[in-house]
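Asker: Would you mind keeping the following structure in view while I ask a few things?
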Amino acid sequence: MLRSGQPLTGPNRKRCPEDEMLLGSVLDEGERGFIIDTRSAQAAKQARMMGGGTEPKSSYPQWKRLHRPLERGRPLQESFIKLVEACNDASLGMDRWLGRLESCRWLSHVKAALSTACLAAQCLDREESSVLVHGAEGTDTTLLVTALAQVILEPSCRTLKGFQGLLEREWIQAGHPFHLRCARSAYSHARLKQEAPLFLLFLDCVWQLSRQFPFSLEFSEGLLLTLFDNAYASDYGTFLCNNEKERCLCKVKESTHSLWAWLDQPEERKKYLNPLYSHNPLVIWPSVEPQSIQLWQGLFFRWIRSSQYLDEAWAEIWRLVEGS
């Protein structure tokens with residue numbers, strides 16, 4: 001699996017021999033690869049007028065392009081804001097609440113992200129084909145798809161240590177602009193056009209996987225909540241800045257502590273483990289049917305509904321597991 005930004009073909013359909021040679025070297029003679037573009041065909045066409053674009057079929061004859069549009073900017077942020085507002089409106093009856101939940105379209109974004117990740121995973125696992133994923137810059141929806149596909153396919157990415165490595169590789173080192181995307185929360189009245197909860201959408205999708213496969217992920221919901229908190233406000237430097245260059249210039253590693261080092265402490269690590277975990281070497285194929293995608297209540301209701309009984313149930317599960 002490969003990932004990249006969009007090719008800069010422009011309105012004149014410029015070619016890049018180096019790019020063509022690079023992608024050609026991935027495939028043997030007679031093999032076919034898939035390019036998953038996380039923009040619509042229309043958006044890719046509009047990007048071409050601004051200097052961007054997508055791979056022309058004539059220059060990449062062994063690659064088949066598939067468009068699977070995913071929101072990454074203002075629409076996604078507005079969806080997040082509407083969901084938070086609906087969750088905090090105590091006056092809503094059941095009918096109005098369900099209407100507000102549907103109109104914010106957050107669960108539609110979750111479904112689309114999981115569906116696209118499953119497509120990439122199927123191309124790799126069932127078609128045994130190479131896959132290139134890209135959007136515009138390659139630092140938002142591209143990372144969302146490649147990271148989710150690895151959780152679906154690779155058992156090691158479902159362990160606590162492996163999941164940390166996945167985040168470091170696919171989000172932090174790959175240049176997801178955390179500073180721009182997580183500058184404000186949904187409660188802020190500021191509307192910065194660079195904001196978008198892409199990382200939250202990824203965490204929500206992983207939570208959906210953990211709910212559908214409760215024995216296959218070594219870490220618990222608590223880890224996902226902690227990652228969400230630290231992406232927006234943290235005592236650690238792990239999610240600071242927008243890319244590795246900025247982190248080097250700001251000397252983040254020298255001046256701050258790592259979130260991973262804190263999580264790896266034995267007394268902290270146990271808090272984030274799933275007591276029901278059992279190593280599953282198989283691919284986990286999630287259902288993306290509407291009835292299978294649920295609202296992440298542990299996050300969106302965490303300040304509204306007490307988690308006392310869930311915490312007590314979780315403690316009892318730990319007690320039973322350790323006792324046996």
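The values are calculated or read from the model by the stated rules, or taken from the named source; none is laboratory data. The structure presented is a predicted model; accordingly, all values stated were derived computationally and were not measured. Cβ placement follows ideal geometry from the backbone for every residue including glycine, while neighbour counts extend to all protein chains displayed. The area values use the complete protein model at the heavy-atom level, side chains included, leaving out ligands, DNA and RNA. Shrake-Rupley method; radii C 1.70, N 1.55, O 1.52, S 1.80 Å.
Asker: So which residues in region 35-62 are crowded, with 17+ Cβ neighbours inside 10 Å and either free of Cβ contacts under 8 Å to residues at least 12 places away in the same chain or part of a loop (DSSP other than H, G, I, E, B) (or both), if there are any at all?
Answerer: Thr38, Arg39, Gly52, Gly53, Thr54, Glu55, Ser59, Tyr60
Asker: Of the residues Arg32, Arg65, only one is over 27 Å from Leu295 (Cβ atoms), in contact with a strand residue (DSSP E or B) (Cβ under 8 Å, 6 or more places away or on another chain) and in contact (Cβ under 8 Å) with a residue 60 or more places away in the chain; which?
Answerer: Arg32
Asker: Okay, moving on. When the residues of region 210-242 are filtered to those that are in a loop (DSSP other than H, G, I, E, B) and among the charged types (D, E, K, R), which remaining residue is surrounded by the fewest Cβ atoms within 10 Å (Cβ to Cβ)?
Answerer: The qualifying residue surrounded by the fewest Cβ atoms within 10 Å (Cβ to Cβ) is Asp235.
Asker: Now for a different question. Could you run through region 245-260 and say how many residues are farther than 14 Å from Phe178 by Cβ and of a type in the set (Lys, Arg)?
Answerer: Matching residues across region 245-260 total 2.
Asker: If you don't mind, there's one more thing I want to ask. If only one of Leu209, Leu259 is in contact with a helix residue (DSSP H, G or I) (Cβ under 8 Å, 6 or more places away or on another chain), farther than 21 Å from Gln150 by Cα and not acidic (Asp, Glu), which one is it?
Answerer: Of Leu209, Leu259, the one residue that is in contact with a helix residue (DSSP H, G or I) (Cβ under 8 Å, 6 or more places away or on another chain), farther than 21 Å from Gln150 by Cα and not acidic (Asp, Glu) is Leu259.
Asker: Taking only pairs six or more apart or across chains, which ones have beta-carbon atoms under 6 Å, a first residue in region 75-91 that is assigned to a helix (DSSP H, G or I), and a second residue that is at pLDDT 90 or above and open to solvent by 10 Å² or more (accessible area, probe 1.4 Å)?
Answerer: Ser79/Arg105; Ala86/Arg100; Cys87/Phe300
Asker: Which residues, counting only those in region 11-34, are open to solvent by less than 100 Å² (accessible area, probe 1.4 Å) and closer than 15 Å to Lys57 by Cα?
Answerer: Result: Cys16, Pro17, Asp19, Glu20, Leu23, Gly24, Gly33, Phe34.
Asker: Still on this structure, I have one more. Considering Arg72, Arg100, which residue is touching a residue at least 12 places away in the same chain (Cβ under 8 Å), outside any helix (DSSP H, G or I) and open to solvent by 10 Å² or more (accessible area, probe 1.4 Å)?
Answerer: Arg72
Asker: Considering (1) aliphatic (A, V, I, L, M); (2) surrounded by fewer than 21 Cβ atoms within 10 Å (Cβ to Cβ); (3) under 30 Å from Gly10 (Cβ atoms), say which one Ile172 fails and leave the rest.
Answerer: Here Ile172 meets the rest and fails (3).
Asker: Hey, any hits in region 120-136 for a residue that's among the acidic types (Asp, Glu) and either under 21 Å from the mean Cα position of the chain (by Cα) or surrounded by 14 or more Cβ atoms within 10 Å (Cβ to Cβ) (or both)?
Answerer: So far as region 120-136 goes, yes, one or more of its residues are among the acidic types (Asp, Glu) and either under 21 Å from the mean Cα position of the chain (by Cα) or surrounded by 14 or more Cβ atoms within 10 Å (Cβ to Cβ) (or both).
Asker: For Trp285, are the conditions met, namely being within 19 Å of Leu167 (Cβ to Cβ), of a type in the set (Phe, Trp, Tyr) and surrounded by 12 or more Cβ atoms within 10 Å (Cβ to Cβ)?
Answerer: no
Asker: Quick check on this structure: which one of Lys271, Lys245 is touching a residue at least 12 places away in the same chain (Cβ under 8 Å), assigned to a helix (DSSP H, G or I) and either open to solvent by 50 Å² or more (accessible area, probe 1.4 Å) or of a type in the set (A, V, I, L, M) (or both)?
Answerer: Result: Lys271 is the single residue among Lys271, Lys245 that is touching a residue at least 12 places away in the same chain (Cβ under 8 Å), assigned to a helix (DSSP H, G or I) and either open to solvent by 50 Å² or more (accessible area, probe 1.4 Å) or of a type in the set (A, V, I, L, M) (or both).
Asker: Sticking with this one: I'd like the residue in region 139-156 that is open to solvent by 10 Å² or more (accessible area, probe 1.4 Å) and under 14 Å from the mean Cα position of the chain (by Cα) and, out of all such residues, is nearest to Leu8 (Cα to Cα).
Answerer: Out of the qualifying residues, it is Thr139.
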